[in-house]
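What follows is one structure encoded as structure tokens, with my remarks underneath.
The values are calculated or read from the model by the stated rules, or taken from the named source; none is laboratory data. None of the values given here were measured: they were computed from a predicted structure. Counting neighbours? That spans all protein chains shown, and the Cβs are built from the backbone with ideal geometry, glycine included. Note: areas computed on protein heavy atoms with side chains; ligands, DNA, RNA excluded. Shrake-Rupley method; radii C 1.70, N 1.55, O 1.52, S 1.80 Å.
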Amino acid sequence: SSQLATEFASITHIRYSHSHWCSLLRDREGMYFYKPRPRDYHRAEEAPEQLRQRIKATVDAIQAMGIDPERVKWGFSDEVAAQRHVNNARFWAFEPHLCRVVNTDRGSQSFFGFYGLNAISQLVTLADGKTEAITEALLWVKSQQTDGAALIIFWDNATTHTALNTWGWEHRIFFIYIPAYSPDLNPIEKIWKGVKRWMTEQSMLKNMDELVSVFHAGFDQFKDKLSFIKSWWEQYGEEFSGYSPMPVSNTLQ
């Protein structure tokens, strides 16, 4: 904005204050002031189209297998590691230079999350990030789905994920892989961001048990908010060929 203000002043010989100039750009010219969302240069331009094709192929496969689409549960999954020493929330106060007592001990805990589209969202505390722990988490998530004949999960291309294709078919858990370098196409990333921000606003985490408890409480704050999926559904919902796994009323939340 300062560069624009300088150019404007050189032409009109009028110089506005910084706040007034920003107001003019925003209110009169309709410009936006924001922090651009980072995008990895490795990401393919056709990533959204790749995801559309994968959704359509999965829907076709379900129909070919004769699975009742109304009993298919859809959702987004990912693993995340939470740290107890991340305490960077900002606070308003009338006194300057206040300190906040925090725990700087190193320590993290891994979780497996499932953010349901038409399914019950779940969070599982992982013993580790190995395949066995992830398969146990997947089976637990599937067992919690009411009247679910199959579970379809969107997640990334991690090695521990791509190795589970055959195992998944055996348990009627099917995977749709998010194109590489495209975490923005997986709405659960918004859940993790919200939970971690919420955690920084809580009291000091003294030990790992408190970390686990607080992370689960944070997940409960966001797991039923389908607003995180709204923009995703607007972009990809038509690929479900008339079958809507997401209740229409919830798309507007």
Legend entry - Helix-only mean residue ellipticity at 222 nm for the chain, each DSSP H run of n ≥ 4 adding -39500 (n - 2.57), per residue, nearest 500: -11500 deg cm²/dmol
Legend entry - Lysine pairs in the chain with Cα atoms under 18 Å, if 8 or more residues apart or on separate chains: 17
Inset, instruction - Hey, can you find the accessible area per residue of the chain for me, probe 1.4 Å, expressed in square angstrom? - result: 61 Å²
Inset, instruction - Whenever you get a sec, compute what percent of the accessible area on the chain sits on carbon and sulfur atoms (1.4 Å probe). - result: 52 percent
Legend entry - Most to least accessible of Phe8, Phe76, Phe222 (protein chains only, probe 1.4 Å): Phe8, Phe222, Phe76
Inset, instruction - Among Ile152, Leu226, Tyr177, pick out the residue whose Cα is farthest towards the positive end of the charge dipole of the chain, where Lys and Arg carry +1 and Asp and Glu carry -1 on C-beta, about the Cα centre. - result: Leu226
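Can you tell me the order of 106-117, 169-180 when each peptide is scored by its average per-residue count of other Cβ atoms within 10 angstrom, highest first?
On the way: 106-117: 19.3, 169-180: 16.2.
Answer by packing, highest mean first, reads 106-117, 169-180.
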Legend entry - Local electrostatic count, His161, Cβ distance below 11 Å [Lys/Arg +1, Asp/Glu -1]: -3
Inset, instruction - Classify the range 105-253 as rounded, prolate or oblate from the Cα gyration tensor: take a ≥ b ≥ c as the square roots of its eigenvalues, call it rounded if a/c is under 1.5, otherwise prolate when a/b beats b/c and oblate if not. - result: oblate
Legend entry - Peptide ranges 206-214, 137-145 listed from the most packed, as the mean C-beta count within 10 angstrom indicates: 137-145, 206-214
Inset, instruction - Taking just the C-alpha trace of the range 1-76, give me its Rg and Dmax in Å. - result: 24.9, 73
Inset, instruction - With +1 on each Lys and Arg Cβ and -1 on each Asp and Glu Cβ, and nothing else charged, work out how big the dipole of the range 41-163 is about its Cα centre, in Debye to the nearest 20. - result: 260 debye
Legend entry - Whole-number D in µm²/s for the chain (Stokes-Einstein; Kirkwood sum over Cα pairs; 10 °C, 1.306 mPa s): 75 µm²/s
Inset, instruction - If a/c stays under 1.5 just call it rounded; otherwise compare a/b with b/c (prolate if a/b is bigger, oblate if not). Do that for the range 20-143, with a ≥ b ≥ c from the square roots of the Cα gyration tensor eigenvalues. - result: oblate
